[in-house]
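Novice: Before I ask anything, here is the structure I am working with.
The values are calculated or read from the model by the stated rules, or taken from the named source; none is laboratory data. Computed from a predicted model, the values in this text were never measured in an experiment. Cβ coordinates were reconstructed from backbone atoms using ideal geometry, including for glycine residues, and neighbour counts include every protein chain displayed.
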Amino acid sequence: MNPLAKLVEAALFASARPLTVDELLTLDPSAGATAVRAALAELRDAFATGDHGVELIEIAQGWQFLTRREYAEAIDRAQFALRPRRLSPAALETLAIIAYRQPVGRIEVDEIRGVDSGAVIEKLSERGLVEIVTRGEGLGRPLLYGTTPQFLEILGLKDLDELPRLEELSVALRPPAPAELE
Amino acid sequence: MSAPTNPVTQDSAGFVVELEQFSGPLDLLLHLIHEDEVDITDLPIAKIADQFLAVISELGLNQAADYLEMAARLLRIKAQMLLPRRLGDDEWEDPRAELVRRLLEYQQIRELVEWLGAAAARRAEQFGRGFSPEPPAAPPAPLVIDLNDLLAAAERVIALIPEPVLHRVVPRPLDVEGATARIQALLAARDTFGWGDVVGARSTIVDVLSTFIALLELAKRGALHVHQEGPFAPIQIRRESPREAR
């Protein structure tokens, strides 16, 4: 295996979160992004074809070693690792709205859900799944929220483009026209 | 708010709804619509409104503002639907339109919720490297100490002070001082002498270097004069006249 691939493997092993190509480049700035990507591909293939209990996954715009699915139950039963807490339907609703409408303010989330979402947004923000990204133009310059890399991480997504496109959902919906709103 | 004094009786008897399972009035409405298997775009508003009111009054939800607001909205739409309208009136706007739009939008969100929930569940089948943040450092305990403890502690600290360390002396590789002394001794004895008189026959490279540096230093001080006939010729050393010497 090429020395850069081994260095990248060591860094990914040492990290508790996905590392991006840019972050991996700091290991050896002279290597170049192309070489780092090639090293990642080499590693991924090595762990995919070899008999390994972990695999290299592209996730949250970075790369991370994760245990293979087939061992989830055994690891869970032995309590060597904790599964993340499940998100409530209210939390998932709010996340879905923020993910698709970002940057979006609390009022719009409230409107779509039909309930006050302040507390839910607060909790999501504490868990690092959403964050304030900017302020709106409207009255009182409302805080606008967006999703974080952590959001992609808990869903196992590479990036936001992996979310289903709205047209693919069984309920087709026209894009919201401002004139339609009261 | 024009809430009804007597909510209309429930259509479907034995219809049990747990409120906790709904994340809001839209969720409850969608549930009712799916239960009744009615077309969401052609909502039988009177029926749905009655069911909605029955559920929330049964569940004692009257305090939940979000549900009450929806109840009021449903009743207003129901009333608007009852208003007479002329046949073929193109200007007529379906009072349900806004609610239907919101319901469709909300239904889309519910679909996304299922997708997101499935994605999160799938991701939870894989574990990353364990990471447990370090527990925060405990605050230092308040200092409780009496004089004897303090003296004992002081003794322990004094006992820890190391004995003075004797440094091991190693010979310096270059002995310029020694070479200087040797040259000065020769200067005292003779007016002139050669390089070979200073370094001797069996000189090491270190001796040569030390002597050469010493010669240059003494020449700089004006104690002697160094002369060489030509390249690689023997170096001649001559004492400077006492007037010029330091």
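Novice: Any residue in the stretch B:108-137 that's in the same structural domain as B:SER23 (by TED's automatic domain parsing) and among the hydroxyl-bearing types (Ser, Thr, Tyr): show its pairings with residues that are modelled with pLDDT under 95 and surrounded by 13 or more Cβ atoms within 10 Å (Cβ to Cβ) at Cβ separation under 6 Å, as long as the two are six or more apart or on different chains.
Specialist: Pairs found: none.
Novice: Taking the criterion of being within 14 Å of chain B (Cβ to nearest Cβ), closer than 15 Å to B:GLY128 by Cβ and touching a Phe, Trp or Tyr at 6+ places or on another chain (Cβ under 6 Å), would at least one residue in the stretch A:40-50 satisfy it?
Specialist: The answer is no, given that none of the residues of the stretch A:40-50 is within 14 Å of chain B (Cβ to nearest Cβ), closer than 15 Å to B:GLY128 by Cβ and touching a Phe, Trp or Tyr at 6+ places or on another chain (Cβ under 6 Å).
Novice: Let me ask something else. Quick one: what pairs do we get from the stretch B:193-210, first residue in a loop (DSSP other than H, G, I, E, B), second surrounded by 11 or more Cβ atoms within 10 Å (Cβ to Cβ), C-beta under 8 Å, 6+ apart or different chains?
Specialist: Filtered contacts from the stretch B:193-210: B:GLY200/B:ASP207; B:SER203/B:THR211.
Novice: Give the residues of the stretch B:93-150 that are more than 7 Å from chain A (Cβ to nearest Cβ), modelled with pLDDT under 90 and under 30 Å from A:GLU55 (Cβ atoms), sorted by residue number.
Specialist: Selection gives B:SER132, B:PRO133, B:GLU134.
Novice: Being in a loop (DSSP other than H, G, I, E, B) and charged (D, E, K, R) is the filter; apply it to the stretch A:70-121 and report the residue that is farthest from B:ARG110 (Cα to Cα).
Specialist: My answer is A:ARG83.
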